[in-house]
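Undergrad: Shown below is the structure under consideration.
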């Protein structure tokens, strides 16, 4: 899957908001070229929640294990504990150190946020594309359910 295909898939999901920071929009330069995925049916980026998935195109100061940049990019998805265990065989809170966080087309714990139930794929290809698409849809569905619960509490 290309980065554009991932962004288009997420944009096609009901209530989805894709934020792609760039020059002149007030975002930090470090985030330019990346993409952040939210469930926001009003089209406004939430100020009090994290995205359910992201695409990053470069290493961040506290996140260099993937050796991103120079054409290498990574999809990050919050999947929660049960799916994390199902796909990695490990509890997110007890991760082993055997993961190669620079490997391409391999589903793995996020190098920084794995313990919080995040998975990552560098340069998704044939080995991960179908799973990645399912995970993006599932993460969107979970974000939508959280949004609906918050709305119900606010109006109830």
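Read-outs: derived from the displayed coordinates by stated rules, not from any lab. None of these values were measured; they are calculated from a predicted model. Please note: Cβ atoms are built from the backbone with ideal geometry, for glycine as well, and neighbour counts cover all protein chains shown.
Undergrad: Rounded, prolate or oblate: pick one for the range 1-90, where a ≥ b ≥ c are the square roots of the eigenvalues of its C-alpha gyration tensor, a/c under 1.5 means rounded, and failing that, prolate if a/b is larger than b/c, else oblate.
TA: oblate
Undergrad: Could you grab the relative contact order for the chain? Cα pairs under 8 Å, six or more apart, rounded to a whole percent.
TA: Contact order relative to length: 21 percent.
Undergrad: Which FRET efficiency, nearest 0.05, do residue 115 and residue 86 yield, Cβ-Cβ r, R0 22 Å?
TA: With R0 = 22 Å, the Cβ-Cβ based efficiency is 0.85.
Undergrad: Using packing as a proxy for protection, rank 92-100, 12-20 so that the peptide with the highest average count of other Cβ atoms within 10 Å comes first.
TA: Peptide ranking by packing, descending: 12-20, 92-100.
Undergrad: Under 18 Å from a point 7 Å along the Cα-to-Cβ line of residue 30: which residues of the range 96-123 have their amide N that close?
TA: 111-114
Undergrad: Next up: How much length is gained on full extension from residue 145 to residue 8, taking 0.36 nm per residue of separation minus their Cα-Cα distance?
TA: Value of the extension gain: 47.2 nm.
Undergrad: Please report the relative contact order for the range 1-66, taking Cα pairs under 8 Å with a sequence separation of at least 6, and give it as a percent rounded to a whole number.
TA: Contact order relative to length: 27 percent.
Undergrad: Rounded, prolate or oblate, given the Cα gyration tensor of the range 101-149, with a/c below 1.5 counting as rounded?
TA: Taking the square roots of the gyration eigenvalues as a ≥ b ≥ c, the range 101-149 is oblate.
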